[in-house]
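K.L.:
Below: one structure in structure tokens.
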Amino acid sequence: MSDNPSLRTPSQRIAWTATVAISTLVFIFLIAPILAIMPLSFSSGSYLTYPLPGLSLRWYDDFINSPRWMNSLKNSMIIGIASTLLSMLLGTLAALGLAQWKSRFKPLVLAFVLSPVVVPGVITAVGLYFFFAPIGLTGSYLGLILAHTALATPFVVITVGATLQSFDTNLARAAASLGASPLQAFQRVILPLILPGLASGALFAFATSFDEVVIVLFMAGPEQRTLPREMFSGIRENISPTITAAAVILTTVSIILLATLEGLRRRNERLKGGSA
């Protein structure tokens, strides 16, 4: 199909119009729940109803001044940041090893590493629970951090592995021939080149941990209630508009992460274009 609208045939114009219309409807279908929740977070009423009785920030004030909600937000940040740092370390090492490993078993090992992304979350949660329970890691921060690391590491492997596809291994060999140790070669040659992929993987890892609720339901104790779990419990026990304020905050965090990811992608493209 021509990029110039004046050069398209009638059938191509119809197909283009239908594609745009269907894409618009799909976008509206996906974004409608978020658009419905956001106004409710500013409602002055005590119930989730339309039309809004008035506008107020009372539910954001309730969220900020509630020890229960603030503690859940703190837990989400602690677990999210810790699991992200750990997944960056493990994922980068795995991606580097897989990139240099030449074996017929490489696809099998890669599939095993990426399995947490494919396996349903409830199955992963049950498996982690029965694995961690005998060694006393359920109901602990360490257990949740390790569980979220297992979920987040594949995203780092994918993004760093994709960056390494275009990496010239001769650069590392040249650094070694000039006297650089393996650690120095990694810090000064490899790391700057894979940094965009590593940053993208870190953002995916943090978003995965921050939004995760299934594993938390299986493994967390009373002291490890994260923000998604607090929202889940609130919906089951007492539906309060404060949940909508928490949902808007989660959505805002996701939008910031996506915007940062897009900025990193464009920066990476500019760097590739400049080097070419």
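K.L.:
What part of the accessible area of the chain, given as a whole %, is carbon or sulfur when the probe is 1.4 angstrom?
P.N.:
Roughly 70 percent, rounded to a whole number.
K.L.:
Taking region 45-97 on its own, what percent of its Cα-Cα pair distances exceed 19 Å?
P.N.:
Taking all Cα-Cα pairs of region 45-97, the fraction more than 19 Å apart is 57 percent.
K.L.:
OK, next. Mind checking Rg over Rh on region 43-147, alpha carbons, Kirkwood formula for Rh?
P.N.:
Numbers: Rg = 21.1 Å, Rh = 17.9 Å.
Ratio value, two decimals: 1.18.
K.L.:
Continuing with this model, one more query. Could you give the length gained on full extension between R13 and I235, defined as 0.36 nm per residue of separation minus the Cα-Cα distance, in nm?
P.N.:
Values: separation 222, 0.36 × 222 = 79.92 nm, distance 4.68 nm.
That works out to 75.2 nm of additional length.
K.L.:
Counting other Cβ atoms within 10 Å, which trypsin sites (Lys or Arg not before Pro) in region 1-87 have at most 15 and lie in a DSSP loop?
P.N.:
Hits after loop and neighbour filter: R8.
K.L.:
Mind listing the Cα extents of region 160-210 along all three principal axes, in Å, largest one first?
P.N.:
The Cα atoms of region 160-210 stretch 43, 19, 11 Å along their principal axes.
K.L.:
Mean residue ellipticity at 222 nm from the helices of the chain, using -39,500 (n - 2.57) per DSSP H segment of n ≥ 4 over the full residue count, to the nearest 500 deg cm²/dmol?
P.N.:
-25000 deg cm²/dmol, from helical runs alone.
K.L.:
Which residues' amide hydrogens lie under 5 Å from the amide hydrogen of S43, considering only partners 5 or more residues apart or on another chain, with H built in the peptide plane?
P.N.:
Result for S43 returns S56.
K.L.:
Calculate the dipole size of region 187-276 relative to its Cα centre from +1 charges on Lys and Arg beta carbons and -1 charges on Asp and Glu beta carbons; express the result in debye to the nearest 20.
P.N.:
Taking the Cα centre of region 187-276 as origin, the dipole is about 520 debye.
K.L.:
How would T92, T19 rank on accessible area, largest to smallest, probe 1.4 Å?
P.N.:
Descending accessible area places them as T19, T92.
K.L.:
Sorting check: for 30-39, 113-122, which peptide has the highest mean count of neighbouring beta carbons within 10 Å, and how do the rest follow?
P.N.:
Result, highest mean Cβ count within 10 Å first: 113-122, 30-39.
K.L.:
Still on this structure, please answer the following. When Rg is the radius of gyration of the Cα atoms in region 156-252 and Rh is its Kirkwood radius, what does Rg/Rh come to?
P.N.:
Details: Rg = 21.1 Å, Rh = 16.7 Å.
Here the Rg-to-Rh quotient is 1.26.
K.L.:
For the pair I81 and V119, how long in nm is the line joining their label points, each one 7 Å along Cα→Cβ?
P.N.:
3.0
K.L.:
Across every pair of different alpha-carbon atoms, what Kirkwood hydrodynamic radius in Å does the chain reach?
P.N.:
22.0 Å is the Kirkwood radius here.
K.L.:
If you don't mind, there's one more thing I want to ask. Length gain on complete extension for the stretch V109 to L178, per 0.36 nm per residue less the alpha carbon to alpha carbon distance?
P.N.:
That works out to 21.5 nm of additional length.
K.L.:
Go through region 97-109 residue by residue and turn each phi into a ³J(HN,Hα) via Karplus (6.51, -1.76, 1.60, θ = phi - 60°); whole Hz please, and just put x for glycine and proline.
P.N.:
x, 5, 5, 9, 8, 10, 7, 6, 8, 4, x, 5, 5
K.L.:
Still on this structure, I have one more. Which FRET efficiency value, to the nearest 0.05, is calculated for S66 and Q187 with the Förster distance at 30 angstrom and r the Cβ-Cβ distance?
P.N.:
Once the sixth-power term is evaluated, E becomes 0.10.
K.L.:
For the chain, which longest stretch is free of loop sites, where a loop site is one of the chymotrypsin sites (Phe, Trp or Tyr not before Pro) that DSSP puts outside H, G, I, E and B and that has at most 10 other Cβ atoms within 10 Å?
P.N.:
No qualifying site falls inside 106-276, the longest such stretch.
The values are calculated or read from the model by the stated rules, or taken from the named source; none is laboratory data. As the structure is a computational prediction, the values presented were derived from the model and not from experiment. Note that we place each Cβ from the backbone using ideal geometry, even for glycine, and neighbour counts take in every protein chain shown. These accessible areas exclude ligands, DNA and RNA; they are computed on the full protein's heavy atoms, side chains included. Shrake-Rupley method; radii C 1.70, N 1.55, O 1.52, S 1.80 Å.
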